[in-house]
1. So which residues in the stretch 30-78 are outside any loop (DSSP other than H, G, I, E, B), among the aliphatic types (A, V, I, L, M) and touching a helix residue (DSSP H, G or I) at 6+ places or on another chain (Cβ under 6 Å), if there are any at all?
2. Those residues that are in contact with a Leu (Cβ under 6 Å, 6 or more places away or on another chain) and closer than 18 Å to N269 by Cβ, I need them from the stretch 316-338; list them, please.
3. E187 versus (1) in contact with a strand residue (DSSP E or B) (Cβ under 8 Å, 6 or more places away or on another chain); (2) surrounded by fewer than 22 Cβ atoms within 10 Å (Cβ to Cβ); (3) acidic (D, E); (4) more than 30 Å from E205 (Cβ to Cβ): which is the lone unmet condition?
4. Confirm whether S267 is of a type in the set (G, A, S) and within 26 Å of F350 (Cα to Cα).
5. Could you please give the count of residues in the stretch 228-261 that are over 16 Å from G154 (Cα atoms) and not in a strand (DSSP E or B)?
6. Among the residues of the stretch 231-239, is any buried (at least 16 other Cβ atoms within 10 Å of the Cβ), under 23 Å from G281 (Cβ atoms), more than 15 Å from the chain's Cα centre (by Cα) and modelled with pLDDT under 95?
7. For residues that are among the aromatic types (F, W, Y) and farther than 21 Å from T44 by Cα, tally how many sit in the stretch 285-311.
8. With the requirement that a residue be closer than 19 Å to W335 by Cβ, assigned to a helix (DSSP H, G or I) and in contact with a His (Cβ under 7 Å, 6 or more places away or on another chain), what does the stretch 381-430 give you?
Amino acid sequence: MKKGIGLLLALAMMAGSSLPVQAEDHGREVLGSKDGWGAYGEGTTGGADASSDHVYTVQNRQQLVEALGGKNSANGLNDTPKIIYIKGTIDLNVDDENKPLGFDDYKDPEYSLEKYLAAYSPDKWGKKEPSGKLEDARARSEKNQKERVILNVGSNTTIIGLGDDAKILGGGFYIKQAKNVIIRNIEFENAYDYFPAWDPTDGSEGNWNSEFDNLLLESSEHVWVDHCSFNDGSKPDNFDDTYFGRVFQHHDGLLDIKKQSDFVTVSYNVFSGHDKNTIVGSSDKYSADNGHLRVTFHHNMYENIKERAPRVRYGKVHLYNNYFKNTENNYDYSWGVGYSSKIYAEDNYFSLPEGTKPEKMMKAFKGDALHEEDTLLNDQKIDVVSTYNKAYNASIKKSTGWTPELYEKIDAAKDVPKIVEEQAGAGKLQ
């Protein structure tokens, strides 16, 4: 693998092209010593210590899997320091020869959407969770796809895009029980699950749920996600069909942080055109999350994100200098105050359609506290908690019992839109 990539690079250079110096310089960069929760303790260095024979440039799925360790199912255990440069678009819905794969390639022989809809119709099946041969076949189909499009990432890894067009298409990265990972300068587009599951117990009307995130952290610590873009590409949620009166949801989260993950910094990213964006935490009953989930979000753009920007359970989450911009009429909320959450928000800017009630900026989900200061809504200062409490006769407290110490500079809220629009997202790494 390494020799093949080295030959590829040598040929490219002989032809008069070379790797962008800018991206090469960033490959060994580490998180700043005060840049959010990811800087806590030993900090986040990714693959900065990688030897020269563990520095790769990859252009397709097979090369990426090889660079991550050689076998996707085992790559999450590979803790060798490594730097991986992404060149161009890498489609994850392909076989080992880089030939496209689709619905029919992943579908279990016993799965049929038409039969699934007939079997689990609420009128026929009721409110219990689906079970039986058709649900098992759906789950096997989904597993087949997941094994191709969700790539496992191990400890001591930096994955960084070259130039301004690096993209991961059709899937995403899974960082599980790993430490010290950096993901930068990559567009993640359309982690599309062909096989959504019906859950009649999800909410009062039931919901279709999908499995794949563009980026999922579980039981991992010291992770830095920086200057990336996350979106659904050409298949946004509003293009999906409707069955049982609910959207046939093919997407899950753009970035989720779960199961005791800790010391994470999410900076200068763009999240756009999505429903459920980011959840920090697992479930109200997963008390093992208590004392973990320390995450910083700063200088991120949330454009036309319906909800979960983020929704938090348990964690101490610092939100500052983020830009929330919505031009559509489907806005639900941004900050989800979940069970035992401790959000500390300061100098964030909201641009919402005229007439949007300011109390919609947050939503309480069994949480009872949110510290918020210097928030601007369409250039007007808003006391988010007081406004919410008054509108809903709630009693959310304004103190969360902690004060952030790890941050470099907090910009004035009025300056946030310009800074974020100019600097956030893939292709804008300076």
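1. First, the residues of the stretch 30-78 that are outside any loop (DSSP other than H, G, I, E, B): 37-39, 52-58, 61-68, 72-75.
Subsequent filtering for residues that are among the aliphatic types (A, V, I, L, M) retains 39, 55, 58, 64-65, 67-68, 74.
The answer is V58, V65, L68.
2. Answer for the stretch 316-338, where residues must be in contact with a Leu (Cβ under 6 Å, 6 or more places away or on another chain) and closer than 18 Å to N269 by Cβ: just N326.
3. (2)
4. Numbers: of a type in the set (G, A, S): yes; within 26 Å of F350 (Cα to Cα): yes.
In short, yes.
5. 22
6. Looking through the stretch 231-239, at least one residue is buried (at least 16 other Cβ atoms within 10 Å of the Cβ), under 23 Å from G281 (Cβ atoms), more than 15 Å from the chain's Cα centre (by Cα) and modelled with pLDDT under 95.
7. Step one: of the stretch 285-311, the residues among the aromatic types (F, W, Y) are 286, 297, 302.
So of that shortlist, the ones also farther than 21 Å from T44 by Cα come out as 286, 302.
The total comes to 2.
8. Matches in the stretch 381-430: V420 only.
The values are calculated or read from the model by the stated rules, or taken from the named source; none is laboratory data. None of the values given here were measured: they were computed from a predicted structure. No Cβ is skipped: glycine too gets one built from the backbone with ideal geometry, and neighbour counts run over all protein chains shown.
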